[in-house]
Amino acid sequence: MNPSLISIDLSTRFQTIENFGGSDAWSCQFVGKWPDAQKKAIADLLFSSDLDTNGKPLGIGLSLWRFNVGAGSAQQGESSGIADEWRRAESFIGSDGEYDWNLQAGQMWFLDAAKKHGVRQFLAFVNSPPVNITINGKAFATNGQPNLSTQNFDAFAEYLVNVVQGVKQKIDVTFTYISPVNEPQWDWSDGGQEGTPFNNEDIAGIVTALDAALTRENLPSKITIVEAGKYDYLYSVADKPNRGNQIDAFFDPASDLYIGDLPSIENVIMGHGYFTTSPFSKAAAIRNKLRDKVAGVKGLKLWQSEYCILGDNSGTINGEHRDLGIKPALYVARVIHNDLVNANASAWHWWTTVSAYDYKDGLIYVDKHKSEGNFESSKLLWAVGNFSRFIRPGSYRIAADCDDPEVLVSAYVNPHSQELITVLINPAPNPKKVKLQ
């Protein structure tokens, strides 16, 4: 069998990769309180770039860690209306308005562990404003309506600034980025987890208030938006007239909601890859369209900021039931390739890095026990690691192709180490011979 030829063109340069990340929702709030040996081993799998004594990787070397700034449903307990306590979250602020930096302790442990492993980028993301300022006093919405009044935009901004300062004082971690809204297109009214919808006008108002607060306190954290529920909402109205077309809404200077020139805004548009990943050709077409839309705004970058396997994906793979094997790993590897090569994404983030559920949403799976338990890694973890461990922040993508259409290839140059990194994906069941040129 003659080898397939991998052609690499060093002269054709695309996007610079800023980070590969994962989030601490929801399990880290409990796993971060497990015995040291267990949680340290999990942290190694997520953050380490070292080798063990046999020369095998200890971990996948994530370069960004996403911290869920909780809304306080955990303090409310059963009265929160969120039945599953593993989907509730603590808040640093109580109903009396007083802050307690000893809360969210399990998550803070993982945040500190990420820093100790050499992670240098941290993103604080918010599903819901704290319950003491929401309209219904809950961490989820009513009848699909935004759960924060315009009168409380400034209070929400002040809260986030206090979180940045409090976490810095507690464990010496400064959040590089703050993402104040998450999947604003969904209704978030079923009590399944913390969350609230927002219209584009609300988002512009929240970001403007947060920018003013960050500027006033002279904080370096940058605001990232908008964590759209799926890619379509970034470039089209789709089925959400007041919650879509968000690139134009926020980054077109002719828009009434333009916020692209605010001092604290990061020139990034963030979307979630859900519901757009199958079949592969359709997924590629969506990403090409998004790439071209982003390219129309000078300096704007795309981050794929949340993904796990949801739904039935056109019959290709179903999100139900955990699977530690190669099938979901290969599927996700193709998704990452599609996002990096066709969407030109400069960052890629996984959703629940540590999962306690019977679902394809975790890189590491744990027993649903609050004090201690067993854990196991997955081939999904290492599929993400084939990108995150080797493509370090600052590396840039270059042109690469293979004369075998089944083999997916992308290539990157690390300008600091002068390394060429080539990532190959073989979705077929038979081995392939390849030759790099």
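The values are calculated or read from the model by the stated rules, or taken from the named source; none is laboratory data. Remember, predicted model here, so these are calculated numbers, not experimental data. Here the Cβ positions follow ideal geometry from the backbone for every residue, glycine too, while neighbour counts run over all protein chains shown. Keep in mind that these areas ignore ligands, DNA and RNA; they rest on the heavy atoms of the full protein, side chains included. Shrake-Rupley method; radii C 1.70, N 1.55, O 1.52, S 1.80 Å.
Among the residues of region 336-352, which ones are open to solvent by less than 10 Å² (accessible area, probe 1.4 Å) and in a helix (DSSP H, G or I)? Walk me through it before giving the result.
First pass over region 336-352, keeping only residues open to solvent by less than 10 Å² (accessible area, probe 1.4 Å): 336, 338-340, 343, 345-350, 352.
ILE336, ASN338, ASP339, LEU340 - these are the residues of region 336-352 that are open to solvent by less than 10 Å² (accessible area, probe 1.4 Å) and in a helix (DSSP H, G or I).
Which is in a strand (DSSP E or B), out of contact with any Pro (no Cβ under 8 Å at 6 or more places or on another chain) and either without any contact (Cβ under 8 Å) to a residue 12 or more places away in the chain or surrounded by fewer than 17 Cβ atoms within 10 Å (Cβ to Cβ) (or both), of ASN267, ASN218?
Details: ASN218 fails: in a strand (DSSP E or B).
So the residue among ASN267, ASN218 that is in a strand (DSSP E or B), out of contact with any Pro (no Cβ under 8 Å at 6 or more places or on another chain) and either without any contact (Cβ under 8 Å) to a residue 12 or more places away in the chain or surrounded by fewer than 17 Cβ atoms within 10 Å (Cβ to Cβ) (or both) is ASN267.
Testing GLU227 on (1) within 22 Å of the chain's Cα centre (by Cα); (2) modelled with pLDDT under 95; (3) among the acidic types (Asp, Glu), one condition comes back false. Which one is that?
Single failed check for GLU227: (2).
From the list GLY61, GLY21, GLY70, which residue is more than 24 Å from ILE391 (Cβ to Cβ) and among the small types (Gly, Ala, Ser)? Lay out the reasoning, then the answer.
Numbers: GLY61 fails: more than 24 Å from ILE391 (Cβ to Cβ); GLY21 fails: more than 24 Å from ILE391 (Cβ to Cβ).
Being more than 24 Å from ILE391 (Cβ to Cβ) and among the small types (Gly, Ala, Ser) holds for just one of GLY61, GLY21, GLY70, which is GLY70.
Among the residues of region 326-340, write down those that are more than 13 Å from ASN313 (Cα to Cα) and out of contact with any Phe, Trp or Tyr (no Cβ under 9 Å at 6 or more places or on another chain).
If the condition is that a residue be more than 13 Å from ASN313 (Cα to Cα) and out of contact with any Phe, Trp or Tyr (no Cβ under 9 Å at 6 or more places or on another chain), then ILE326, LYS327, LEU330 are the ones that fit.
Within region 16-55, can you find the residues that are charged (D, E, K, R), open to solvent by 10 Å² or more (accessible area, probe 1.4 Å) and either modelled with pLDDT under 95 or in a loop (DSSP other than H, G, I, E, B) (or both)? Don't jump to the end; show me each part of the working.
If we filter region 16-55 for residues that are charged (D, E, K, R), which is where we start, we get 18, 24, 33, 36, 39-40, 44, 50, 52.
Then keep just the ones that are open to solvent by 10 Å² or more (accessible area, probe 1.4 Å); that gives 18, 33, 36, 39-40, 44, 50, 52.
The answer is GLU18, LYS33, ASP50, ASP52.
Just a yes or no: is a residue in region 170-191 touching a residue at least 12 places away in the same chain (Cβ under 8 Å), surrounded by fewer than 22 Cβ atoms within 10 Å (Cβ to Cβ), touching a strand residue (DSSP E or B) at 6+ places or on another chain (Cβ under 7 Å) and at positive phi?
yes
When you look at ILE259, is it farther than 20 Å from PRO129 by Cα and open to solvent by less than 10 Å² (accessible area, probe 1.4 Å), yes or no? Spell out how you get there, then give the answer.
Values: farther than 20 Å from PRO129 by Cα: yes; open to solvent by less than 10 Å² (accessible area, probe 1.4 Å): yes.
So ILE259 fits the description; yes.
So ASN386 fits all but one of (1) without any contact (Cβ under 8 Å) to a residue 60 or more places away in the chain; (2) within 22 Å of ALA345 (Cα to Cα); (3) open to solvent by 50 Å² or more (accessible area, probe 1.4 Å); (4) more than 20 Å from the chain's Cα centre (by Cα); what number is the exception?
(4)
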